[in-house]
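Read the structure below first, then the notes.
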Amino acid sequence: MKKINNEVNKSKLFVLIAVIILAIGYAVVTTTIRFIKPTTRNNTIIKDNNEYFDVHYLSDATTPHIELGTGTAEVSEDKKTASFNFNNMKKKGDLAIVKYKIINDSTEDANLDIKLTNNNSEYFKVTKKLDKTTLKSKEVSTLTITVELLITPSSGEKTALITGTIITSPIKK
């Protein structure tokens with residue numbers, strides 16, 4: 001008798017779990033359909049920000065500009081990432097400084113930040129300074145990246161590649 005009750009309880013539990021899974025699945029599918037399928041009363045289409053929202057590095061004869069140190073400073077083809085590869089840093093405390101200009105080519109104002117990466121943080125400290133973190137349409141901000149040698153290398157030359165990726169969002173009015 002007890003074995004039959006256990007089987008009945010297991011069957012009820014299985015049916016309950018199946019109903020819950022079906023309910024969740026139905027909710028997900030209907031929610032997805034509502035967001036994808038426009039109704040005849042509301043034909044609003046939200047497009048990707050990249051079509052109308054453009055904040056990027058400038059790349060011309062004056063920018064990027066290596067202010068201190070030697071190396072190469074470049075801007076990617078899509079103008080969303082900049083890189084700085086430097087050399088001739090020999091003793092602790094040596095600095096390399098590069099400046100980039102960033103423009104808001106959108107019609108909307110934008111919040112601006114830069115995500116820095118450093119592939120050799122054991123030897124190099126990297127800091128950034130933006131002169132403006134909020135850009136109006138067509139406004140330019142200057143990004144200064146400073147690299148400091150933390151440890152005097154005991155042998156050979158140490159190198160690092162520093163990249164700065166633009167992080168932006170439109171300002172809601």
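A cut-off of 5 Å between modelled amide H atoms, ignoring neighbours fewer than 5 places along the same chain, links residue 86 with 72, 160.
Taking 0.36 nm per residue of sequence separation and removing the Cα-Cα distance, the residue 119/residue 152 pair yields an extension gain of 10.2 nm.
Rule-based calculations on the coordinates, nothing more; no lab input. This structure is a prediction, so every number in the text was calculated from the model and none was measured.
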